[in-house]
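Single-structure report; data block below.
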Amino acid sequence: MRDEAVRHLRCPHCSDTMTRDGSALRCGSGHSFDVARQGYVNLLRGAAKFHADTAEMVAARDDFLAAGHYAPIAGSLAALARETAPEDGGAGCVVDIGGGTGYYHARVMSEFADAEGVLLDISKFATRRAARAHLRISAVVADAWDGLPFGDRAASVVLNVFAPRNPAELRRILRPEGVLLVVTPQSDHLGELVDALGLLRVGEQKEERLADRFAAHFTEVARERVRCTMALDHKALSQLVGMGPNAWHQEGDQLEQRIARLPEPCDVTLAVTLTAYRPLA
Ligand SMILES: C[S@@+](CC[C@H](N)C(=O)[O-])C[C@H]1O[C@@H](n2cnc3c(N)ncnc32)[C@H](O)[C@@H]1O
Ligand SMILES: [Zn+2]
């Protein structure tokens with residue numbers, strides 16, 4: 001947890017600024033939050049209301065991403081961040097909401113030599129890894145559906161990759177010239193696996209629903225599609241299922257049997273949309 005990041009954070013209870021006090025962060029009203037040995041700070045207001053990714057899910061995600069299967073998404077996201085971020089990119093921080101292990105965040109941070117990064121996730125297993133993902137990334141445990149523990153206009157860039165988003169709060173924490181970059185799956189993303197492995201289907205209207213929810217707070221300024229075919233071995237298929245929401249719905253043995261019936265390697269479609277938004281005045 002870097003001091004340069006702490007100045008962007010706000011107390012989740014009273015919205016006051018915070019300062020470091022030994023191994024804790026403290027606000028002016030005396031609320032205090034321990035910085036964990038692994039480097040992240042827990043700013044959750046109460047018990048999490050939603051499923052946080054488990055240690056197993058986070059480990060599967062880390063392995064799958066490290067193998068580079070989603071590198072085309074990371075590369076396109078970093079390029080779009082560079083193109084759309086304000087000129088003085090270092091003035092506000094680069095925030096990743098629901099940032100998981102910090103894979104995309106670290107890639108984007110490498111485009112901004114002076115920027116400070118703050119990753120937020122509800123899973124402490126994810127933030128533990130994210131705190132090590134990049135020298136300038138600090139990690140915070142918090143609920144993306146709740147008020148975000150950042151000051152108004154703290155961020156120049158906000159990332160949101162396959163993760164929950166609360167448009168009103170995202171707008172509040174962005175500088176007026178800042179940019180929000182959202183990555184969402186297209187309806188045929190991982191399509192070959194939906195029936196074969198009993199995966200959850202991406203809603204057909206997901207893009208339209210997203211546009212509706214954002215229209216009151218943001219204007220779309222760019223949209224890009226990333227599409228390619230991944231050749232995945234059985235281990236990668238197992239990681240892919242294990243790292244996502246499907247992990248909550250699958251019985252281990254049954255899944256392994258289904259994977260064993262697929263060819264190896266197995267061709268799987270990657271199809272996502274990257275959208276860049278500016279906050280409405
Ligand atoms: C599908 S993963 C995506 C992670 C990362 N953006 C990536 O693509 O590698 C969704 C992430 O959102 C986090 N998450 C789920 N509900 C959340 C919430 N209410 N607040 C913050 N994070 C949440 C999960 O812990 C998980 O790390
Ligand atoms: Zn406080």
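The magnitude of the dipole of region 210-281, with charges of +1 and -1 set on the Cβ of Lys/Arg and Asp/Glu and taken from the Cα centre, is near 340 debye. In region 3-279, taking the dipole from charged Cβ atoms about the Cα centre, the farthest positive-side position among THR19, VAL221, ALA211 is held by THR19. A run of the chain free of exposed loop cleavage sites, with chymotrypsin sites (Phe, Trp or Tyr not before Pro) counted only in DSSP states other than H, G, I, E and B and at most 16 other beta carbons within 10 Å, reaches its longest extent at 146-281. Under the convention that each Lys and Arg Cβ holds +1 and each Asp and Glu Cβ holds -1, the size of the dipole of region 4-56 around its Cα centre is about 160 debye.
When the chain is treated as a Gaussian network with alpha carbon springs shorter than 10 Å, the biggest mean-square fluctuation among SER29, SER76, SER238 belongs to SER29. Using the Kirkwood radius over Cα pairs, work out the Stokes-Einstein diffusion coefficient for the chain at 4 °C and 1.567 mPa s, in µm²/s as a whole number. The calculation lands on 67 µm²/s. How high is the FRET efficiency between ASP253 and SER187 when r is their beta carbon distance and R₀ equals 45 Å, given to the nearest 0.05? Calculated transfer efficiency: 0.95. For region 41-193, the relative contact order works out to 25 percent when only alpha carbon pairs closer than 8 Å and six or more residues apart are counted. On the beta carbon distance between ARG209 and ASP21, with R0 = 41 Å, the FRET formula returns roughly 0.40. What you get for region 3-279, charging only the Cβ of Lys and Arg (+1) and of Asp and Glu (-1), is a dipole of about 540 debye around the Cα centre.
Taking a label point 7 Å from the Cα of ALA67 along the Cα→Cβ vector, which residues of region 96-133 have an amide N closer than 19 Å to it? The answer is 101-104. Taking all protein chains into account, the per residue accessible area for region 3-279 stands at 44 Å² (1.4 Å probe). A helix-only calculation puts the chain at -8500 deg cm²/dmol for mean residue ellipticity at 222 nm, using -39500 (n - 2.57) for each DSSP H run of at least four residues, averaged over all residues. For the chain, the relative contact order works out to 19 percent when only alpha carbon pairs closer than 8 Å and six or more residues apart are counted. A Stokes-Einstein calculation at 37 °C with viscosity 0.692 mPa s, built on the Kirkwood radius of region 1-139 over Cα pairs, returns a diffusion coefficient of 209 µm²/s.
The angle between the Cα long axis of helix 206-215 and the main principal axis of the chain comes to about 20°, on a 0 to 90 degree scale. With each label modelled as a point 7 angstrom along the Cα→C-beta vector, the ARG201-THR54 pair spans 2.7 nm. Each residue, ASP34 and VAL194, gets one label point 7 Å from its Cα in the Cβ direction; the gap between the two is 4.6 nm. Beta-bridge orientation, the chain: approximately 60 percent antiparallel, per DSSP, counting only bridges with both partners inside.
The values are calculated or read from the model by the stated rules, or taken from the named source; none is laboratory data. Bear in mind that the values here come from a model prediction, so they are computed numbers and not experimental data. When we count neighbours, we look across all protein chains shown, and the Cβ atoms used for this are built from the backbone with ideal geometry, even at glycine. Keep in mind that these areas ignore ligands, DNA and RNA; they rest on the heavy atoms of the full protein, side chains included. Shrake-Rupley method; radii C 1.70, N 1.55, O 1.52, S 1.80 Å.
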